[in-house]
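J.: Got a structure here, written out as structure tokens. Questions coming.
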Amino acid sequence: MKTNTVREYGRSIDVSVARKTDTDALVLSGVSSNTAADQWARLVTRRAAHLLWYRLTWALFPGKSAKVTGLAATAPLITAMPPTVTTHIEIVRIETEQAFNVAGLSGSDHWQFQIDDKTARQLWATLDIVLYPAGWEGANFQFNKAQ
């Protein structure tokens, strides 16, 4: 019987997300603040990245989150992904440290890292660009031309 593995990346900096060209997955990566040599990366589904964006939106911008998340297109569920790809991500605010705990699920593996408020805002901005390059309204977004 296989037991669950928990990978703890600790307090992290330089956390970002990027498109992976040969698959539908995205790469979530960062550097443990313990030492610059502790770089880590996880493959995540587009839906998991969207969940992270959505949760960060509500945590970082509570006054505007309903409007912003209402405009954004959601990511479809993808059924067949290898067990090494993260399919679910959650965040929890750690009030006493003004930080967030980010946790993901990849098959039977669990992983987590912590980020401060500044890194969370940088991650949100990166997610926003990667997930919504055409804006929150997607391809239906139209610019008003000045006459």
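The values are calculated or read from the model by the stated rules, or taken from the named source; none is laboratory data. Predicted model, so just to flag it, every value in this text is computed and none were measured. With ideal geometry, Cβ positions are generated from the backbone for all residues, glycine too; neighbour counts draw on all protein chains shown.
J.: Kindly provide the set of residues from the range 6-45 that are outside any strand (DSSP E or B) and more than 20 Å from His88 (Cα to Cα), ordered by number.
T.: Across the range 6-45, the qualifying residues are Thr21, Asp22, Ser33, Asn34, Thr35, Ala36, Ala37, Asp38.
J.: Moving to a separate point now. Suppose we filter the range 82-103 for residues that are within 12 Å of the chain's Cα centre (by Cα) and outside any strand (DSSP E or B); how many remain?
T.: 1
J.: In contact with a Lys or Arg (Cβ under 9 Å, 6 or more places away or on another chain), modelled with pLDDT under 70 and surrounded by 14 or more Cβ atoms within 10 Å (Cβ to Cβ) - does that describe any residue in the range 126-145?
T.: So far as the range 126-145 goes, no, none of its residues is in contact with a Lys or Arg (Cβ under 9 Å, 6 or more places away or on another chain), modelled with pLDDT under 70 and surrounded by 14 or more Cβ atoms within 10 Å (Cβ to Cβ).
J.: So in the range 102-120, with the set limited to residues that are free of Cβ contacts under 8 Å to residues at least 60 places away in the same chain and loosely packed, with under 15 Cβ neighbours inside 10 Å, which one is nearest to Leu56 (Cα to Cα)?
T.: Per the criteria, the residue is Asp117.
J.: Another one. Determine whether Ala37 is among the small types (Gly, Ala, Ser) and modelled with pLDDT of 90 or more.
T.: Numbers: among the small types (Gly, Ala, Ser): yes; modelled with pLDDT of 90 or more: no.
So Ala37 does not fit the description; no.
J.: Let me ask something else about it. Is it the case, given these coordinates, that Val6 is at pLDDT 90 or above and either loosely packed, with under 12 Cβ neighbours inside 10 Å or at negative phi (or both)?
T.: Taking the combined requirement at face value, the residue does not satisfy it.
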